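Each remark here refers to the structure printed beneath this line.
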Amino acid sequence: QELYEQAKQLPNVSYIGYQPNEYIKENLHKYDIFAYPNIWEETFCISALEAMAAGLYTITTNYGALYETCAEFSSYIPYQKSYTNLAQNFAFAIDAVADHLDSPGIVDHLKLQIKYVNQFYNWDKQGRAWTNFLKGALDARRK
């Protein structure tokens, strides 16, 4: 709760509290940056993909499988056990990106990011890939 109270006081943070997923999906495109200071070995991050598909610039750690999920599109902050240092590095990255969000290079980057996520991470394609993987695993076990 203390962290949420601090977030409410920050001038450039839009604190909306808990909202259902439908609200998030409908409003995500209104924001600029998805900052995800991950501190555990994430195996996949649907939140990052939803943010990327909505055109948000993503900043996250290089911990777990986030690099594989977000590919070349995210800015990666090296994971550190010192949360103070991690927070400082995130703050620096957010400030650096915020100053350049309207630059042609970032605009083109975000357009390509949206296309990439929609092409490679749509549910139909992912569903087929998992179905094929699981069928293969079952077939291999039967043999």
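The values are calculated or read from the model by the stated rules, or taken from the named source; none is laboratory data. Here the structure is a predicted model, which means the values were calculated and not measured. Cβ sites come from the backbone with ideal geometry, for glycine too, and all protein chains shown count toward neighbours. When the accessible area is computed, the model is the full protein with side chains, heavy atoms only, and any ligands, DNA or RNA have been set aside. Shrake-Rupley method; radii C 1.70, N 1.55, O 1.52, S 1.80 Å.
Length gain on complete extension for the stretch Glu26 to Ile46, per 0.36 nm per residue less the alpha carbon to alpha carbon distance?
Values: separation 20, 0.36 × 20 = 7.20 nm, distance 1.55 nm.
Full extension of this stretch gives 5.7 nm more.
For the chain, the mean residue ellipticity at 222 nm estimated from helices alone is -17500 deg cm²/dmol, where every DSSP H run of n ≥ 4 contributes -39500 (n - 2.57) and the total is divided by all residues, rounded to the nearest 500.
For region 1-48, the set of GluC sites (Glu not before Pro) satisfying both a DSSP loop assignment and a count of at most 15 other C-beta atoms within 10 Å is given as Glu41. Ranking Val117, Ala91, Ala48 by Cα position along the charge dipole of region 1-133, where only Lys, Arg, Asp and Glu carry charges on their C-beta atoms, puts Val117 farthest toward the positive end.
Rolled with a 1.4 Å probe across the full set of protein chains, the surface gives Thr84 an accessible area near 90 Å². Scanning the chain for chymotrypsin sites (Phe, Trp or Tyr not before Pro) in DSSP loops with at most 10 other Cβ atoms within 10 Å, what's the longest stretch left with none? Within the chain, the longest run free of exposed chymotrypsin sites (Phe, Trp or Tyr not before Pro) spans 41-143. For the set Lys8/Lys81; Lys30/Lys115; Lys81/Lys125; Lys25/Lys111; Lys25/Lys125; Lys81/Lys111, the pairs lying more than 29 angstrom apart at their alpha carbons are Lys81/Lys125; Lys81/Lys111.
Per-atom-type breakdown for region 1-56 gives carbon and sulfur 54% of the accessible area (1.4 Å probe, protein chains only).
Across the chain, Cα-Cα pairs farther apart than 17 Å form 68% of the total.
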